[in-house]
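The values are calculated or read from the model by the stated rules, or taken from the named source; none is laboratory data. These numbers come from a predicted model, not from an experiment. Reconstructed Cβ throughout: ideal geometry from the backbone, glycine too, with neighbour counts over all protein chains shown.
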Amino acid sequence: MSSASRKREYFHSFLLHFRPKMVPERTLRLSLTWGLGGTAMVLVFLLFGTGLMLKFVYEPTPGGAYDSILYLQDSVPFGQLLRNIHRWSANGLVLVAFLHFLRIFYTGAFTAPRHVNWMIGLLLFAAVLFSSFTGYLLPWDQIAYWAITISTSMLDYLPFVGTGIKQWILGGPEPGPATLLTFYAIHTAILPVLLLFALPFHFWRIRKANGLVIPRRPDEDPAERGALVEAMPHLFIREVTMAVVAVAAVLLVSMFFNAPLAEQANPGLSPNPTKAPWYFMGLQEMLMHFHPVFALLVIPVLLLAGLAIIPFVHYEAETSGVWFCSHKGRITALIAALVAVVVTVAGVLLDEFVFKDKLTGSAGMINKGLLPFAVILAGCAAFYLLMKKGFKANNNEAIQALFTLLATAFVVLTLIGIWFRGTGMQLMWAG
Ligand code: HEM
């Protein structure tokens, strides 16, 4: 065998760890993946590429950071475009990874043998969020400085350990040189390395699970895999098309919209309102209605634990590959989403204009903590029972409805925080 063909052989057997030679034709349908995982991967590549280039100019000190961004934008050829691509890819990645997570959930692609990948996915999502968050501070402008200040100061509300954790993260009582250096190191070294290891593992696990879930109608046999086709060219062509579309979309947005840059950070002058990055606005909004222990600890920890155990629940039906479990599942999910929109908006309005109790202290712990938390728990239990008894849903459909209820409520809170909070974080009509 010639050395060239041996190299080709090695290359192919290496690739086969991640992708098979043949794939079920049905998994190539756009209506299964919507290209979301692949788009997320393309965005990660764009971020790595542009991030590496940004490192040549960026200076991680409070004195130099802002100036280095100005220099990049004004004096480096295509510097502004480079920054735009990095910024919009990062925002896109948070959104696309979230949509990919929803697609995994609603196609039942989280049960064994895909449960490990579900857990790796949760880790990936956390890494994506924290990459975005740590990157947010780096321009050291007013938006960055105060978004990080408000996000980390939420920790102050946690009794006993909160302030300690905040100071540990910031390297002091407020964002300063140590914070910038720590965030820079986490953003440009620790999280990228984590992603570099976790992503190949994610892809290898798809291979170990014998490929993606096979999309099917509720009445089709789960064991029926359909015809196989060669990954090259069938899958490859689709991947390249999707990558081209994703890159073109990011380029277009980056050509027309500049990444925001406000005045240089001024620790003595906070903008009004001071908002966290958009993906943490749901948490900031929760903090306006619940005692901090519940808004930042009890509720998020319970939700995360719920997500982690989803694959290990015993399900009555095998629904992997079926969008929304069944026909009934579509209806119950839709009902859940509508209920969540109405109840969340009503809850926010009621809390804002009727129950104006204070949030902290022991009275707050009861009025804004235990009481509303008990109401929410009872509401979720009642909703679950309504699905089971009223709609005769099986536990797949009922759990899906509960997930939809909570996920929609979180999205609604996020949107309220982004668009409907103005000066002094007061509710206002448009944002
Ligand atoms: C940086 C973030 C992520 C990237 C780049 C990524 C990439 C991918 C790709 C390319 C696929 C195959 C094609 C597709 O399904 O679209 C995939 C499948 C999968 N992903 Fe992700 N993913 C990410 C985050 C997540 C998250 C947040 C979860 C869930 C918690 C997740 C769970 C899964 C699972 C279970 C599969 C197998 C799906 C199946 O068998 O049908 N991933 N991922």
For segment 253-278, the count of residues that are loosely packed, with under 14 Cβ neighbours inside 10 Å and in contact with a Ser or Thr (Cβ under 7 Å, 6 or more places away or on another chain) equals 1
Looking at (1) surrounded by fewer than 15 Cβ atoms within 10 Å (Cβ to Cβ); (2) at pLDDT 95 or above, which is the one condition that is false for residue 396? (1)
In the list 178, 198, 144, 126, which residue meets the criterion of being more than 15 Å from the ligand (Cβ to nearest atom), of a type outside the set (Lys, Arg), farther than 20 Å from residue 262 by Cα and in a helix (DSSP H, G or I)? 178
Considering segment 321-330 alone, what residues qualify as being closer than 10 Å to residue 401 by Cα, in a helix (DSSP H, G or I) and touching a residue at least 12 places away in the same chain (Cβ under 8 Å)? 329
Does residue 381 satisfy the condition of being free of Cβ contacts under 8 Å to residues at least 40 places away in the same chain, within 17 Å of residue 313 (Cα to Cα) and not aromatic (Phe, Trp, Tyr)? yes
Residue check: is residue 353 without any contact (Cβ under 8 Å) to a residue 24 or more places away in the chain and farther than 25 Å from residue 158 by Cα? yes
Can residue 217 be described as within 30 Å of residue 324 (Cβ to Cβ), touching a Phe, Trp or Tyr at 6+ places or on another chain (Cβ under 8 Å) and surrounded by fewer than 17 Cβ atoms within 10 Å (Cβ to Cβ)? no
What tally of residues in segment 164-184 results from selecting those that are polar (S, T, N, Q), buried (at least 18 other Cβ atoms within 10 Å of the Cβ) and under 23 Å from residue 293 (Cα atoms)? 0
Could you list, in sequence order, all residues of segment 129-160 that are without any contact (Cβ under 8 Å) to a residue 40 or more places away in the chain and over 19 Å from residue 285 (Cα atoms)? 160
Check segment 421-431 and report whether any residue there is in contact (Cβ under 8 Å) with a residue 60 or more places away in the chain, within 14 Å of residue 281 (Cβ to Cβ) and part of a helix (DSSP H, G or I). yes
Residue among 244, 250 that alone is part of a helix (DSSP H, G or I), at pLDDT 95 or above and surrounded by 15 or more Cβ atoms within 10 Å (Cβ to Cβ): 250
With respect to residue 69, is the statement that it is more than 11 Å from the ligand (Cβ to nearest atom), at pLDDT 95 or above and part of a helix (DSSP H, G or I) true? yes
Restricting the search to segment 33-45, which residues are surrounded by fewer than 22 Cβ atoms within 10 Å (Cβ to Cβ) and more than 8 Å from the ligand (Cβ to nearest atom)? 45
Hey, could you check segment 309-320 for residues that are more than 10 Å from the ligand (Cβ to nearest atom) and assigned to a helix (DSSP H, G or I) and say which is surrounded by the fewest Cβ atoms within 10 Å (Cβ to Cβ)? 309
Extreme residue, farthest from the ligand (Cβ to nearest atom), among residues of segment 221-241 that are assigned to a loop (DSSP other than H, G, I, E, B) and either touching a residue at least 12 places away in the same chain (Cβ under 8 Å) or β-branched (Val, Ile, Thr) (or both): 227
Of the residues 161, 193, which single one is touching a Leu at 6+ places or on another chain (Cβ under 9 Å) and either surrounded by fewer than 17 Cβ atoms within 10 Å (Cβ to Cβ) or closer than 25 Å to residue 115 by Cβ (or both)? 161
Suppose we keep only residues that are assigned to a loop (DSSP other than H, G, I, E, B) and under 19 Å from the mean Cα position of the chain (by Cα) within segment 72-123. Which one would you say is farthest from the ligand (Cβ to nearest atom)? 108
